[in-house]
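**Q** One structure, pasted below without further comment.
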Amino acid sequence: FWDFLILFFCLPVVIFNEITKKRLLGDVSCRIVPFMEVSSLGVTTFSLCALGIDRFHAATSPQASARPIEQCQSIIAKLAVIWVGSMTLSVPEILLWQLAQDTSPVSGVVTEYCTMKPSSNLPESVYSLVLTYQNARMWWYFGCYFCLPILFTVSCQLVTRRISSTEKKSECRGTKHGQCESHLNCTIIGLTIIYGLCTTPENVCNIVVAYMSPDMSKQTLDLLNLINQFFLFFKCSVTPILLLCLCRPLGQAFMDCCCCCCEGCGPDTASSEGSADSKLKTEMSSSIFFDKPRESPPPLLALGTPC
């Protein structure tokens, strides 16, 4: 959902600015766009950490094959912690950026751009904190939003594989549960790889700019910033598609919803039976985050509509 917000709001603003050299929504977009982009990095980072912890719990659970589904309230609470925490850590971005104008010496056209400069109207204590954040921003990016999710995911995967190779999981090897665990682990690894590849250019550019910015022209810095933003947009576009492709139950549920909406959700006997079959298969398969008990399949009930 956060990836959708990035593509829906930030992408049009960036494209409009590159075409017209005018900033859509003015100073507001200069503050909101960086805030949303950094929040997106935080949401992805902490979500990968939460998924790694879940896979570790699945590997160390004494009865992993019969582990019950987590309650919806618990999942919502975790999502709230991830979202609120990410947005809280991104608040300095709102105070760091502001709109600036520059006149081209050749054409005389006034162009608008966003500059990283705290406003002098801020209270002294807040201004010093924002200035400290600006000075440490490069290493904060690199440590929290790049090293943390990658190292955390790799560590959890290594520990999980080590535990899975012990006698505790010997009876699960070759079974459907073992294959499901392996499939979910591959999904998390795939998401981490995409995230790492898309955030590496930005971190490299930040380090290079931090030590070589006096020797770079403004056009070069703007181009590097644009490339970093489009890598973020690419990550936001690819991640949901990758998730739907790698996680079969989630992908199947998504396709069922799309087909249901396309058909207008009209009552149809044949589609009701097909939906009941699909519902039964989806319920018997593993969900994306948690494993369902496999003792006895639920009874096949008639569903009123495809929805």
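The values are calculated or read from the model by the stated rules, or taken from the named source; none is laboratory data. Computed from a prediction, not measured in an experiment: that's the story for all the values here. Protein only, heavy atoms only, side chains kept; ligands, DNA and RNA dropped before computing areas. Shrake-Rupley method; radii C 1.70, N 1.55, O 1.52, S 1.80 Å.
**Q** Could you tell me what a quarter of the Cα convex hull surface of the range 1-140 works out to, in nm² with one decimal place? Can you show the working numbers first?
**A** Details: hull surface 48.7 nm².
With every direction weighted equally, the projected area is 12.2 nm².
**Q** Fully extended, how many nm does the chain gain between PHE16 and VAL159 (0.36 nm per residue separation, minus their Cα-Cα distance)? Let's see the in-between values first.
**A** Numbers: separation 143, 0.36 × 143 = 51.48 nm, distance 4.66 nm.
Gain on stretching PHE16 to VAL159: 46.8 nm.
**Q** Using a 1.4 Å probe, how large is the accessible area of ILE207, given in Å² and rounded to the nearest 10?
**A** 50
**Q** Please calculate the 1.4 Å probe accessible area of VAL81, with all protein chains present, and give it to the nearest 10 Å².
**A** VAL81 exposes around 110 Å² with every protein chain in place.
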